[in-house]
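Undergrad: The following block contains the structure, expressed as C-alpha cells.
The values are calculated or read from the model by the stated rules, or taken from the named source; none is laboratory data. Only a predicted model underlies this, so the values are computations on that prediction, with no experimental measurement involved. Don't worry about glycine lacking a Cβ; one is built from the backbone with ideal geometry, like all the others, and counts go over all protein chains shown. Heads up: the accessible areas ignore ligands, DNA and RNA and are worked out on the full protein's heavy atoms, side chains in. Shrake-Rupley method; radii C 1.70, N 1.55, O 1.52, S 1.80 Å.
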Amino acid sequence: MTVTAEAKGFVYTPTARIFHWVTAILVLAMVPAGITMVNIGPGKLQNTLFDFHRSTGVVLFVITAARLAWRLTHPPAPLSTDIPRWQRRAARATHVLLYVVLLGTPLLGWVATSAYPAAIPVYGLFTLPPIIGPNRELSNALFNIHQVIGIIFSIAVVIHIAAALHHRLVLKDDVMTRMTG
C-alpha cells in the first residue's frame, strides 16, 4: 500500500494552495503580456498590455507579501526524506528566488515607471503615486534590469514546473500532490 503525501502530513494548507494557484495564474498571464508588450509596436494593444502588466505586478506584490506572511506563520511540512537532499535544497533555493523576484520586481518596475515618468493605474481602480521623480536615464537602466530579472524569473518558473512534472510523471511520487491536494 502506498502512503500518500496527505497521509504523511506533507500537503500544503488550503490557504497556501490558493495563494500558489492564484499566483501561478497571474504569472502565466503577466509574463507573456510583458514579453509581447516590449516586442510589438506602439499603439492601443501595447498600452493595454503595459497597463495589464503593471496592474498584475501590483496585485502579485500584494498577494506575495500576504503569501509570505502566511508561510512564515504557517510553515509547510518538510519534503519527504525520500527526496534526495540536493533536490530539497534546490526546491528551497527556487522558492526563495521566486519570492524575492515576486516582491522585488514589482518594486523595481514601480521605480522605473515613476522615473520614466508614466502613471501606474491598477486595473482602472486607482493610480499608484510616483515613487521618485523623472529621470529617463535611470528609468532605462532599471527597465533593463527589470527585463533581465524577468528572464531569470521565467527560467525559474519553468524549472519549478518541470520539477513538479518530473516528480508526477517520471518519479510518480506525491511531491506534486502537496500543492494539488
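Undergrad: Quickly run through segment 85-128 and pick out the residues that are aliphatic (A, V, I, L, M), in a helix (DSSP H, G or I) and open to solvent by less than 70 Å² (accessible area, probe 1.4 Å). Give the derivation first.
TA: Of all residues in segment 85-128, those aliphatic (A, V, I, L, M) come to 90-91, 93, 96-98, 100-103, 107-108, 111-112, 115, 118-120, 122, 125, 128.
Subset that is in a helix (DSSP H, G or I): 90-91, 93, 96-98, 100-103, 107-108, 111-112, 115.
Answer for segment 85-128, where residues must be aliphatic (A, V, I, L, M), in a helix (DSSP H, G or I) and open to solvent by less than 70 Å² (accessible area, probe 1.4 Å): A90, A91, A93, L97, L98, V101, L102, L103, L108, V111, A112, A115.
Undergrad: List the helices (runs of 4 or more DSSP H) that sit entirely inside segment 3-80 and contain at least 1 residues that are at pLDDT 95 or above.
TA: Details: elements: 5-8, 14-39, 44-73.
Answer list for segment 3-80: 14-39, 44-73.
Undergrad: Residues of segment 129-138 being out of contact with any Pro (no Cβ under 8 Å at 6 or more places or on another chain) and open to solvent by less than 100 Å² (accessible area, probe 1.4 Å), which ones?
TA: Hits for segment 129-138 are P129, I131, I132, N135, L138.
Undergrad: Right, another one. Residues of segment 43-72 being among the polar types (S, T, N, Q), surrounded by 14 or more Cβ atoms within 10 Å (Cβ to Cβ) and under 14 Å from A119 (Cβ atoms), which ones?
TA: Going through segment 43-72, the residues among the polar types (S, T, N, Q) turn out to be 46-48, 55-56, 64.
After this cut, where a residue has to be surrounded by 14 or more Cβ atoms within 10 Å (Cβ to Cβ) as well, the list is 46, 55-56, 64.
Scanning segment 43-72 gives a single hit, S55.
Undergrad: Out of curiosity, is D82 more than 19 Å from P32 (Cα to Cα), open to solvent by less than 70 Å² (accessible area, probe 1.4 Å) and touching a residue at least 40 places away in the same chain (Cβ under 8 Å)? Reasoning before the result, please.
TA: Values: more than 19 Å from P32 (Cα to Cα): yes; open to solvent by less than 70 Å² (accessible area, probe 1.4 Å): no; touching a residue at least 40 places away in the same chain (Cβ under 8 Å): yes.
For D82, the condition - more than 19 Å from P32 (Cα to Cα), open to solvent by less than 70 Å² (accessible area, probe 1.4 Å) and touching a residue at least 40 places away in the same chain (Cβ under 8 Å) - is not met.
Undergrad: On to the next question. Which residue out of V101, V96, V148 is touching a residue at least 12 places away in the same chain (Cβ under 8 Å) and within 20 Å of the chain's Cα centre (by Cα)?
TA: Values: V96 fails: touching a residue at least 12 places away in the same chain (Cβ under 8 Å); V148 fails: touching a residue at least 12 places away in the same chain (Cβ under 8 Å).
Going through V101, V96, V148 in turn, the sole match is V101.
Undergrad: Since P42 meets every condition but one in (1) touching a Lys or Arg at 6+ places or on another chain (Cβ under 6 Å); (2) free of Cβ contacts under 8 Å to residues at least 40 places away in the same chain, which condition does it not meet?
TA: All conditions are met except number (1).
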